[in-house]
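Here is the structure we will look at, set down as structure tokens.
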Amino acid sequence: MGLITRRGFVAGTAGALGGLIAADGAFASNRDETPQKPVRAAATETRPEFRGVWLASVANRDWPSKPGLTAAAQRAGLLAHLDKAAERRLNAVLLQVRPTADALWPSPYEPWSQWLTGEQGEDPGWDPLGTAVAEAHRRGLELHAWFNPYRIANHTDPTRLVASHPARVHPDWVVPYGGSLCYNPGLPEVRRFVQDAMLDAVLRYDLDGVHWDDYFYPYPVAGQSFDDDEAYARYGSDFADRDAWRRDNIDLLVRETAARIKAHKPQVRFGISPFGVWRNAASDERGSATSAGAQSYDDLYADTRRWVREGWLDYICPQLYWNIGLPAADYAVLVEWWDEVVRGTGVDLYIGEALYKAGDPAQPAAWQDPAELSRHLTLAQRYASVRGHCFFAAKEVTADRIGAMARVVADHYPVRGR
């Protein structure tokens with residue numbers, strides 16, 4: 001997808017909603033009720049270098065290897081990924097547990113994920129998230145639960161969702177766009193619901209982190225518009241334009257989620273891995289010296305720079321999935337830009353690394369060199385704000401097509417990073 005992103009596509013609610021909404025009533029829907037800035041977990045100076053890997057479940061990208069495996073086979077596959085992470089001297093696994101408005105744990109809000117059994121809503125016979133937390137900790141690994149707030153499905157047919165799915169119970173929450181179904185971020189009731197659905201896992205499990213990736217408003221599709229006219233007419237009158245209103249919707253989601261996590265479990269870290277370019281300098285003098293085809297601020301309505309500067313996050317992990325020297329989006333330029341953004345905020349900076357590109361014949365020549373990724377880590381050592389790296393993704397950590405991961409381990413991870 002060029003300069004866009006590496007993650008292509010990749011139950012009754014009323015009773016369950018009551019508990020968490022009552023506990024956090026201050027975050028109901030009033031835009032004037034601004035939560036206090038959350039207290040971040042553990043000082044940066046005391047934390048070890050972050051050595052993470054994304055473990056994607058959507059479309060069975062990494063795990064489970066295919067839908068419909070037995071519970072024992074699913075469990076064995078999960079443990080194999082955890083073992084490989086430990087073997088590679090990593091210290092954190094970011095497991096995708098809510099890939100498409102579903103769940104890899106027994107959620108009272110949303111159905112079991114189709115990526116487990118092949119049938120949405122079908123109980124797989126075990127608790128993947130609970131097992132992942134316990135087994136990761138047994139291996140000295142952090143477990144960060146990775147959620148996608150607004151993505152519902154990689155198709156536009158609501159009847160393919162289980163009948164009790166919240167998107168079918170509340171069809172007015174749903175916007176079809178670009179061949180997918182999305183929740184409408186402009187509706188306060190949607191914002192409350194997705195927070196409650198995610199916080200259920202925070203309350204149930206001994207998580208080390210809550211993690212989101214780059215999907216907020218969907219990536220633009222030529223010739224299509226995201227139909228939020230009615231929500232904008234109802235809620236957007238106080239804003240200069242629709243773009244400002246959309247950005248505020250996402251700001252509210254980030255700020256409120258951060259505050260709610262800290263209110264319940266202040267030790268749980270909240271991090272986001274956004275698209276690597278906030279804005280090009282041609283769009284904003286504060287932006288990076290890049291000419292990327294997408295900008296998170298303008299295209300996803302994700303003001304990632306503000307989230308850092310306001311201190312709403314514990315860490316940010318921009319997806320810098322480009323090689324050193326790429327004219328449109330130079331890895332070296334972007335590491336320096338993000339270092340400046342993070343400096344002095346207390347927010348940790350981790351760099352998202354495109355391990356999946358190493359050895360891919362469709363990628364530029366730089367990615368055919370097993371040393372390219374190792375050079376990334378060497379370059380990042382110049383910047384004090386960079387506290388670690390995260391690799392996309394688990395399948396490549398295992399396969400290591402041209403030995404790029406082995407080179408990183410040999411050059412940079414000589415001892416266990418925890």
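The values are calculated or read from the model by the stated rules, or taken from the named source; none is laboratory data. If you're wondering where the values come from, they're calculated on a predicted model, not measured in any experiment. When we count neighbours, we look across all protein chains shown, and the Cβ atoms used for this are built from the backbone with ideal geometry, even at glycine. All accessible areas refer to the heavy atoms of the entire protein, side chains included, with ligands and DNA or RNA removed. Shrake-Rupley method; radii C 1.70, N 1.55, O 1.52, S 1.80 Å.
Measuring with a 1.4 Å probe in the full set of protein chains, what accessible area per residue, in whole Å², belongs to segment 124-189?
Per residue, segment 124-189 has an accessible area of 32 Å².
Could you tell me the number of lysine pairs in the chain with C-alpha atoms less than 14 Å from each other, where the two lysines are 8 or more residues apart or belong to different chains?
4
Choose one of Ala145, Val408, Ala302: the residue whose Cα lies farthest towards the positive end of the charge dipole of the chain (beta-carbon charges +1 Lys, Arg; -1 Asp, Glu; about the Cα centre).
Comparing the listed Cα positions along the dipole, Val408 ranks first.
Under 1.5 on a/c is rounded, so check that first for segment 171-330, then, if it is not, pick prolate when a/b is larger than b/c and oblate when it is not; a ≥ b ≥ c are the square roots of the alpha carbon gyration tensor eigenvalues.
oblate
As a test of reading the structure, rank Thr398, Thr304 by solvent-accessible area (1.4 Å probe, protein chains only), most first.
Thr398, Thr304
Compute the separation of the alpha-carbon centres of segment 92-166 and segment 266-300 and state it in Å as a whole number.
27 Å
Assuming a ≥ b ≥ c are the square roots of the Cα gyration tensor eigenvalues, decide whether segment 274-314 counts as rounded (a/c under 1.5), prolate (otherwise, with a/b larger than b/c) or oblate.
Prolate shape, in that a/c is at least 1.5 and a/b is the bigger ratio.
Taking amide H positions as placed in the peptide plane 1.01 Å from N, state which residues far from Ile351 in sequence (5 or more) or on other chains have amide H under 5 Å from it.
For Ile351, whose amide H was placed from the backbone, the distant partners under 5 Å are Gly388, His389, Cys390.
Taking the Cα of Arg242, stepping 7 Å toward and past its beta carbon, and measuring to each backbone N in segment 278-299: which are under 19 Å?
295-299
Does the chain come out rounded, prolate or oblate, given a ≥ b ≥ c as the square roots of the eigenvalues of its C-alpha gyration tensor, rounded meaning a/c under 1.5 and, failing that, prolate meaning a/b above b/c?
On the way: a/c = 1.43, a/b = 1.16, b/c = 1.23.
Rounded, because the longest to shortest axis ratio a/c is under 1.5.
Go through segment 225-237 residue by residue and turn each phi into a ³J(HN,Hα) via Karplus (6.51, -1.76, 1.60, θ = phi - 60°); whole Hz please, and just put x for glycine and proline.
Karplus values, whole Hz, x for Gly and Pro: 10, 7, 7, 10, 4, 5, 5, 5, 4, 7, 10, x, 5.
With +1 assigned to the C-beta of every Lys and Arg and -1 to the C-beta of every Asp and Glu, and no other charges, what is the dipole magnitude of the chain about the Cα centre in debye, to the nearest 20?
1120 debye
If you roll a 1.4 angstrom probe over the protein chains with everything in place, what fraction of the accessible area of the chain belongs to carbon and sulfur, to the nearest %? Please list the in-between numbers first.
On the way: 7460 of 15110 Å².
Taking all protein chains in place, the chain shows 49 percent carbon and sulfur surface.
Might you tell me the accessible area per residue for segment 269-343, computed with a 1.4 Å probe and given in Å²?
Per residue, segment 269-343 has 29 Å² of solvent-accessible surface.
Where does the charge balance sit around Asp243 when Lys and Arg score +1, Asp and Glu -1, over other residues with C-beta under 12 Å from its C-beta?
Spelling it out: positives minus negatives among the neighbours equals -3.
Could you state the accessible area per residue of segment 41-121 in Å², with a 1.4 Å probe and every protein chain left in place?
Ligands and nucleic acids excluded, the result is 32 Å² per residue.
Give the ranking of His412, His165 by solvent-accessible surface, highest area first, calculated with a 1.4 Å probe.
His412, His165
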